[in-house]
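Values in this text are rule-based calculations from the coordinates and carry no lab data. Bear in mind that the values here come from a model prediction, so they are computed numbers and not experimental data. Note that each Cβ is placed from the backbone with ideal geometry, even for glycine, and that neighbours are counted across all protein chains shown.
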């Protein structure tokens with residue numbers, strides 16, 4: 001009987017912890033970048049990846065980021081005020097549609113690449129200047145596709161200057177609540 005009660009007590013404690021875990025994430029914060037001339041154009045930086053911050057006095061700090069309040073960031077145990085930041089570089093938070101579009105653009109660029117190389121090499125081999133021109137034009141277009149695709153997928157960090165972007169620390173959305181069924185007493 002005693003083990004039976006302990007099992008149910010432990011089970012209820014686990015349910016209480018699982019209920020409280022989603023509520024803790026509602027108090028997390030995110031770093032949002034808002035364009036100064038177009039406030040509707042905003043981006044957010046992923047906090048699970050390291051960021052690089054350069055200040056006006058020339059100090060560069062790279063590492064995991066957290067925030068103390070709405071005016072200070074903590075990176076590698078160094079407090080940096082938002083007004084001191086000249087440039088911030090980090091991985092952007094993308095949704096699945098943007099990542100899918102980026103993957104499609106990158107795959108499309110990979111498919112177009114052999115065609116462009118064929119035109120360039122064929123133009124050189126046969127002495128046709130228009131083949132070289134078409135191939136070079138397609139190669140440049142292909143590079144733009146690769147850049148756009150990898151940027152949308154979030155493969156490399158992006159750099160933002162505070163001359164064009166405002167850095168705002170705001171509470172993150174807690175997402176959708178998780179519904180955990182509580183055990184019903186039996187019989």
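For the pair residue 117 and residue 87, what calculated FRET efficiency results from E = 1/(1 + (r/R0)^6), where r is the Cβ-Cβ distance and R0 = 45 Å, to the nearest 0.05?
Working: r = 37 Å, r/R0 = 0.82.
It comes to 0.75.
Note the per residue figure in Å³ for the convex hull of the C-alpha positions in the range 97-150.
Details: hull volume 2.4 nm³, N = 54.
It is 45 Å³ per residue.
How far is it, in nm, from the label point at residue 74 to the one at residue 137 when both lie 7 Å from their Cα along the line to the Cβ?
5.7 nm
Could you compute how fast the range 33-185 diffuses translationally, taking Rh as the Kirkwood radius over C-alpha pairs and applying Stokes-Einstein at 37 °C with viscosity 0.692 mPa s? Give it in µm² per second.
Working: Rh = 18.9 Å.
D = 173 µm²/s.
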